[in-house]
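The values are calculated or read from the model by the stated rules, or taken from the named source; none is laboratory data. Bear in mind the structure is a predicted one, so any value in this text is a computation, not a measurement. Cβ placement follows ideal geometry from the backbone for every residue including glycine, while neighbour counts extend to all protein chains displayed. Side chains are part of the model used for accessible areas, which takes the heavy atoms of the whole protein and leaves out ligands, DNA and RNA. Shrake-Rupley method; radii C 1.70, N 1.55, O 1.52, S 1.80 Å.
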Amino acid sequence: QVQLVESGGGLVQPGGSLKLSCAAASLSFSIYTMGWFRQAPGKQRELVASITSNGATDYADAVKGRFTISRDNAKNTVYLQMNNLKPEDTAVYLCNADYVTVGTKVRFDYWGQGTQVTVSS
């Protein structure tokens with residue numbers, strides 16, 4: 001059974017930092033593209049950052065320069081370092097694992113349960 005378990009969320013003041021972790025089980029972790037999404041009440045889910053199997057990264061414009069995604073394949077874990085947090089960063093942050101098979105193009109897509117990040121003074 002594939003499991004993605006997020007941790008590290010919480011309450012932080014504007015300008016503060018948090019580091020989120022997502023630990024994966026029962027996955028060939030190193031071949032998956034990993035991503036962090038977020039969803040705030042009344043808003044659609046958006047991609048925050050992603051990292052491919054070879055380490056290429058991509059970020060939403062709203063978080064560029066403030067957030068850093070990384071992965072440790074030996075630990076089956078992906079991280080999101082969040083600096084200079086703003087109230088508009090408040091959301092549930094969800095971990096995602098995505099893979100498409102080479103030959104048949106079958107999609108494998110898994111999600112964690114989410115962790116709450118609240119930025120408030």
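With an 8 Å Cα cut-off and a minimum separation of 6 or more residues, compute the relative contact order for the chain in percent.
On the way: 291 pairs, mean separation 42.6, N = 121.
Computed value for the chain: 35 percent relative contact order.
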(request) Averaging over all projection directions, find the projected area of the Cα convex hull of the chain and quote it in nm² with one decimal place. (result) 7.6 nm²
(request) Check cross-link reach from residue 19 to the lysines: straight Cα distance under 17 Å, and skip same-chain residues fewer than eight apart. (result) 64, 75, 86
(message) Please list 59, 32 from largest to smallest accessible area, probe radius 1.4 Å, with all protein chains kept in place.
(response) 59, 32
(request) At 7 Å along the Cα-to-beta-carbon direction for both residue 118 and residue 40, put a label point, then send me their distance in nm to one decimal. (result) 1.5 nm
(message) Give me the net charge for the shell around residue 32: Cβ to Cβ below 10 angstrom, other residues only, Lys and Arg +1, Asp and Glu -1.
(response) -1
(request) Enter the Cα centre distance for the pair segment 66-121 and segment 1-52, rounded to the nearest angstrom. (result) 2 Å
(request) Calculate, in nm to one decimal, what residue 11 and residue 30 gain on full extension: separation in residues at 0.36 nm each, minus their alpha carbon distance. (result) 3.7 nm
(message) I need the phi-derived Karplus couplings for segment 4-20: 6.51 cos²θ - 1.76 cosθ + 1.60, θ = phi - 60°, integer Hz, Gly and Pro marked x.
(response) 10, 10, 8, 8, x, x, x, 9, 9, 7, x, x, x, 10, 9, 10, 8
(message) I want to check the label-to-label distance for residue 52 and residue 105. Put each point 7 Å from Cα in the C-beta direction and report it in nm to one decimal.
(response) 1.8 nm
(request) Report in % the part of the accessible area of segment 42-121 that belongs to carbon and sulfur, leaving out ligands and nucleic acids; probe 1.4 Å. (result) 48 percent
(message) Let me cross-check residue 106: its accessible surface, 1.4 Å probe, with only protein heavy atoms counted, in Å² to the nearest 10?
(response) 70 Å²
